[in-house]
Amino acid sequence: MKLLDIGILSEKSGVSSSTLRYYEEIGLIQSVGRHGLRRQFDAQAVTQLALISLGKMAGFSLEDIKGMFAKDGTPQLPRAELQLRANALDEQIRGLTRLRDALRHVADCPAESHMDCPKFKRLMEFAARTATKRRT
């Protein structure tokens, strides 16, 4: 089995050495030994780091991601949670699309003042409602 030095793993994965040490500290990945003072990892760590990156992109916390690996480091992806996260992303995309469209309208609006634009007023009301929901 070919082992990867922490520096090589960092290069292959794009994850800094300090982050790799942190991930090991919190139990997301495991080194399999040391060569002098440098940690050594097996090839599975590259896959684990790719899954960690994917989980972070999807909005999962590191603690959530940690629960997606078995004790031996193999992935155990919770399909129901993934569906829920995908649904939440769909909703976020719809909201961002509406926001983008409204901003484009306001940028091109022929009204003399943005405060005279009904669509801009609706956008401001939506922003106020959204801010209120976040606080509660």
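The values are calculated or read from the model by the stated rules, or taken from the named source; none is laboratory data. Every value quoted in this text rests on a predicted model; they were computed, and no experiment measured them. Methodologically, a virtual Cβ is constructed for each residue, glycine included, from the backbone with ideal geometry; neighbour enumeration extends over all protein chains shown. Accessible surface is based on the protein model in full, side chains and every heavy atom, while ligands, DNA and RNA are left aside. Shrake-Rupley method; radii C 1.70, N 1.55, O 1.52, S 1.80 Å.
A few comments on the model shown:
- Carbon + sulfur, % of accessible area of the chain - ligands and nucleic acids excluded, 1.4 Å: 55
- Base-10 log of normalised Debye intensity for the range 80-134 (one unit scatterer per alpha-carbon) at q = 0.13, 0.18, 0.19, 0.21 Å⁻¹: -0.43, -0.68, -0.73, -0.82
- In this entry, the range 3-76 is assigned a mean projected area of 4.4 nm², taken as a quarter of its C-alpha convex hull surface.
- Counting only whole DSSP H helices of the chain, the ones at least 18 Å long by C-alpha along their axis and with mean Kyte-Doolittle hydropathy no lower than -1.0 are 44-57, 79-108.
- Using just its DSSP H runs of length 4 or more, each adding -39500 (n - 2.57), the chain gives a mean residue ellipticity at 222 nm of -20000 deg cm²/dmol after division by all residues.
- The chain has equivalent-ellipsoid semi-axes of 46, 17, 12 Å, by the square roots of 5 times the alpha carbon gyration tensor eigenvalues, sorted largest first.
- Relative to the current alpha-carbon distance between residue 76 and residue 88, full extension at 0.36 nm per residue lengthens the span by 2.2 nm.
- Net dipole in debye of the range 30-74 [+1 Lys, Arg Cβ; -1 Asp, Glu Cβ; about Cα centre; nearest 20]: 220
- Lysine pairs meeting the criterion (Cα under 26 Å, 8 or more apart or interchain), as found in the chain: 11
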